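These notes are about the structure you will find just below.
The values are calculated or read from the model by the stated rules, or taken from the named source; none is laboratory data. Quantities reported herein were computed from a predicted structural model and do not represent experimental measurements. Quick reminder, even Gly has a Cβ in these numbers, built from the backbone with ideal geometry, and neighbours come from all protein chains shown.
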Amino acid sequence: MIAAVLCAAGKGTRAGFGGNKVLALYNGLPVLCYSLSVFSPLADEVLVACAPEDEERIAQLLIPFPNARTVPGGATRGESVRNALYETKADMVLVHDAARPFVTPETVRACIACLMRYGSAVCSLPLSDTVAHTLDGNILDVPPRERYCTVQTPQGFLRDKLLHAYERAREEGRTFTDESGVYAAYCEPPRLFTGERQNKKLTYPEDFTPAERVGFGTDTHAFCEGDHIVLCGKKIPCARGLRAHSDGDAAVHALMDAMLSAAGLRDIGHYFPDTDARFAGADSMRLLQETVAMIQEQGLYVGNATVSIVAERPRLAPYIEEMRQNLADCLHIPAQCVGVAAGTNEGLGYVGEGKGITCFATVLLKKA
C-alpha cells in the first residue's frame, strides 16, 4: 500500500500572498490541485497536511479525489510529515511539496520504482551551476559540482523507517529541510533517482506568472483603389490596394494584436487608434517596433511567431522568405522562429470574392 503525503501547511510568506501559496491560482486553478491530480491515481491514499485555518477550503478541493483527506499540519515540515505518518497504515510513503505543481506521473512512477527496488527514493537533478563555499561574502573554495546535486520531491520511503527517523530527530531536537536529510541522519544514505527540471517549486511572486504566454491576433482589410499592398513590411505589386488608416499591413497588425494580448495589454486600436492623425499612412513595421518595446517593458520577448495570410490575390509565394526575414529582424529573433504562410479561400466568402484579405497570427512570449 502506498500513501502520498502532500505538504501544504506552510504560509508561503516569500510569495507575498498573505495566505497559503498552494491555494493561490496558477492558470486559473489552485496550485494544490495540480499535485492532487497526479498523485491521486497513483497512490492508495493521499494525505494533505494543512494548517487548521486552511482545512475547510482544502477539504473542498479534495471532493473530486475520493482517496484524499486532510491531516493536521505542524509548526515545521517535520511535524507535518510525522503527523501524516501516524495517520496512515501504508507500507510505503511518498512525500511531496504541494508547491511543486509541475510534477509529472512519470516522475512519481520513477519514485515508486526506485523505492520498491532500493527501499528509498529521492528525486534529484545534477548541478548545472558552479557551487561555492562562502563565508562573510567571500568564496572559500569551489568544490567539484559533479559530486553534488539538487534535491526535489517526491521522495519515497518505507513508512516505519521514516517515522523512526523523525522520532529520533524529535528526541534530539533537530530539524531538517526535507525527508532525505532526516533519513540520512538516522537510517542510511537514501537512493537518488533523476527527476525533471520542470518540477520546480513555486516560491516567489514571479514564480506564479507563467514563463510562457500564447497570444492570438487577427486583422482584415478590404481592397480599394491602388497598385500595391504591404504585408510583413514588404511592398507587393497588386491590381488594388488595401483600405486602411495606416499602410494597411494586415499581417503585422494581426501579429501586434497577438503580442499585446499575450502580454495582457490592450489591443492595437487602443495604442494606435485610426482616429489619430499621427498614424495616417504609418509604416506598420515601425508600429511593430513600438509594440516590441512595450512587451519588453513587461519583461517579455517573442520566442516564435506565425502569421497566416488568406487572400485570393496577389500571389505571395515569391515574397514569403523576405517577409519572414523582415519580421525576424524586427522581433530580434532568428528567421527560423518565424513562420509566414499564405493560402486562398477557395473562392468562398469575401476573401474568395476578392473583396479583402484576412490575416491570423499566433505568438509565444517568454520571460526575459
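Values computed for the structure shown
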read-out	value
Within segment 289-323, considering residues that are within 23 Å of Gln336 (Cβ to Cβ), free of Cβ contacts under 8 Å to residues at least 60 places away in the same chain and buried (at least 16 other Cβ atoms within 10 Å of the Cβ), the one farthest from the chain's Cα centre (by Cα)	Ile320
Whichever residue in segment 193-228 is part of a strand (DSSP E or B) and over 39 Å from the mean Cα position of the chain (by Cα) and, among such residues, is surrounded by the most Cβ atoms within 10 Å (Cβ to Cβ)	Phe223
Hits in segment 44-87 - residues which are aliphatic (A, V, I, L, M) and in a helix (DSSP H, G or I)	Ile58, Ala59, Leu61, Val81, Ala84, Leu85
Condition check for Gly217: touching a helix residue (DSSP H, G or I) at 6+ places or on another chain (Cβ under 7 Å), among the small types (Gly, Ala, Ser), outside the structural domain of Ser128 (by TED's automatic domain parsing) and closer than 18 Å to Ile268 by Cβ	yes
Segment 31-75: number of residues that are loosely packed, with under 15 Cβ neighbours inside 10 Å and in contact (Cβ under 8 Å) with a residue 60 or more places away in the chain	1
Criterion: assigned to a loop (DSSP other than H, G, I, E, B) and of a type outside the set (Phe, Trp, Tyr) - qualifying residue of Pro314, Pro318	Pro314
Sole residue being out of contact with any helix residue (DSSP H, G or I) (no Cβ under 6 Å at 6 or more places or on another chain), modelled with pLDDT under 95 and over 30 Å from Leu94 (Cβ atoms), chosen from Asp207, Asp247, Asp227	Asp227
Candidate set from segment 344-354 (those that are touching a strand residue (DSSP E or B) at 6+ places or on another chain (Cβ under 6 Å) and under 18 Å from Leu231 (Cα atoms)); member that is surrounded by the fewest Cβ atoms within 10 Å (Cβ to Cβ)	Asn345
Residue that is farthest from the chain's Cα centre (by Cα) [pool: residues in segment 161-177 that are closer than 12 Å to Leu85 by Cβ and without any contact (Cβ under 8 Å) to a residue 60 or more places away in the chain]	His164
Residues that are part of a helix (DSSP H, G or I), under 33 Å from the mean Cα position of the chain (by Cα) and surrounded by 13 or more Cβ atoms within 10 Å (Cβ to Cβ), drawn from segment 263-288	Ile268, Tyr271, Ser284, Met285, Arg286, Leu287, Leu288
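A quick yes/no check of all residues on (1) of a type in the set (D, E, K, R); (2) in contact with a strand residue (DSSP E or B) (Cβ under 8 Å, 6 or more places away or on another chain); (3) more than 14 Å from Ala8 (Cβ to Cβ):
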position	(1), (2), (3)
Pro52	no, yes, no
Ala59	no, yes, no
Pro66	no, no, yes
Arg69	yes, yes, no
Ala75	no, no, yes
Asn83	no, yes, no
